[in-house]
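The values are calculated or read from the model by the stated rules, or taken from the named source; none is laboratory data. Note that the structure is predicted; figures quoted are calculated from it, not measured. Please note: Cβ atoms are built from the backbone with ideal geometry, for glycine as well, and neighbour counts cover all protein chains shown. Side chains are part of the model used for accessible areas, which takes the heavy atoms of the whole protein and leaves out ligands, DNA and RNA. Shrake-Rupley method; radii C 1.70, N 1.55, O 1.52, S 1.80 Å.
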Amino acid sequence: MNPVNSGTLAVPGATIYFEVRGEGPFLLLIGGGNSDATVYKRLAAVLAGSHRVVTYDPRGNSRSVLDGSPMDQRVEEHADDAYRLIEHLADPDEPVYVFGSCSGGLIALELTIRHPGRVRLVVAHEAPVLSILPDAERHLALLDDICETYLREGMAPALTKLQALHGGRPAPDLPEVHNNTDFFLTHFVRPFTRFVPDPAALEEVADKVVWAGGHASREDLVHRPTLVLAGRLGREVELFPGGHVGYARYPADFAERLVEVLTLATDAADALRGTTGGGQ
């Protein structure tokens, strides 16, 4: 069993709780929505056999407390948090690996755009860039309705409507230290699902991005933006075990696939840059 070291980092407007496991190449795992570091606990334990794995609670969730009153969240601010964690924990000249799922994928993409020299490779798993879809207006209206339903009628009716994002199935029940759904529905859903990475900037870092999704969620709404973005950049979508949260249900298989993807993509990127040392 790999020991876990935990700590906190003060950032503008919040204090970020983080955990570190293992030794080896630096790998940052960024959770999505109302998740905290606990959602990656089993995945991180497996990956710690070959990597130095960092997980954390995004600002406003669980142990990463805000300095003031809750407010609408910004992808850019969350990307800055991730960058500060890397600066705090990684060696000064060490480009790092990043995996982000759902809204964590948005954060990971923005982190890579803002700090390309710090990121060696990012795997963006079903980032919900709904605004790029041809029927985006309908989906964004649904999300507005979900948030308003929560304020008007409560949690259960809102979560029932949220099933539309997951093929009509209930949103996956995930482990977390605290229930962050209130913060998610009041300050997270709307701004994050309307965020679109800058297309020109994304193209500049295209060789650092692996587009990924769940094998079992290929027909779900949460998977569609990944197909569109990968298609625009002429890339394939790498499929991972399970659905939208396969990392929580199948941690060993997911970890094996992630290491495989990181290795192959790193070798390919190094070849494009005309370098030699491949792998991790």
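Some notes on this structure:
- Residue among Gly234, Gly213, Gly246 that alone is more than 18 Å from the chain's Cα centre (by Cα) and either open to solvent by 60 Å² or more (accessible area, probe 1.4 Å) or farther than 28 Å from Val65 by Cβ (or both): Gly234
For (1) touching a helix residue (DSSP H, G or I) at 6+ places or on another chain (Cβ under 7 Å); (2) under 23 Å from Gly100 (Cβ atoms); (3) open to solvent by 40 Å² or more (accessible area, probe 1.4 Å); (4) hydroxyl-bearing (Ser, Thr, Tyr), each residue gets a yes or a no:
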position: Arg138; (1), (2), (3), (4): no, no, yes, no
position: Glu148; (1), (2), (3), (4): no, no, yes, no
position: Glu153; (1), (2), (3), (4): no, no, yes, no
position: Thr160; (1), (2), (3), (4): no, no, yes, yes
position: Gly168; (1), (2), (3), (4): no, no, yes, no
position: His178; (1), (2), (3), (4): no, yes, yes, no
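- Within the set Val39, Val54, Val11, the sole residue that is under 22 Å from Phe188 (Cβ atoms), touching a Leu at 6+ places or on another chain (Cβ under 9 Å) and surrounded by fewer than 21 Cβ atoms within 10 Å (Cβ to Cβ) turns out to be Val11.
- The stretch 1-50: number of residues that are assigned to a helix (DSSP H, G or I), touching a residue at least 60 places away in the same chain (Cβ under 8 Å) and more than 20 Å from Asn179 (Cα to Cα): 4
- Output for the stretch 14-31, where each listed residue is among the small types (Gly, Ala, Ser) and open to solvent by 10 Å² or more (accessible area, probe 1.4 Å): Gly22, Gly24
- With a requirement of 2 or more residues that are touching a residue at least 12 places away in the same chain (Cβ under 8 Å) and polar (S, T, N, Q), the helices (runs of 4 or more DSSP H) lying completely within the stretch 125-198 that satisfy it span 181-187.
- Checked against (1) at pLDDT below 95; (2) charged (D, E, K, R); (3) closer than 16 Å to Phe18 by Cα, Arg63 passes all but a single condition, namely (1).
- Residue satisfying all of: in the stretch 69-103; small (Gly, Ala, Ser) and in contact with a strand residue (DSSP E or B) (Cβ under 9 Å, 6 or more places away or on another chain); nearest to Pro197 (Cα to Cα) among these: Ser103
- Residue in the stretch 216-231 that is nearest to Val205 (Cα to Cα), counting only those that are at pLDDT 95 or above and surrounded by fewer than 17 Cβ atoms within 10 Å (Cβ to Cβ): Gly231
- One residue from Pro58, Pro70, Pro92 being assigned to a loop (DSSP other than H, G, I, E, B) and within 12 Å of the chain's Cα centre (by Cα): Pro58
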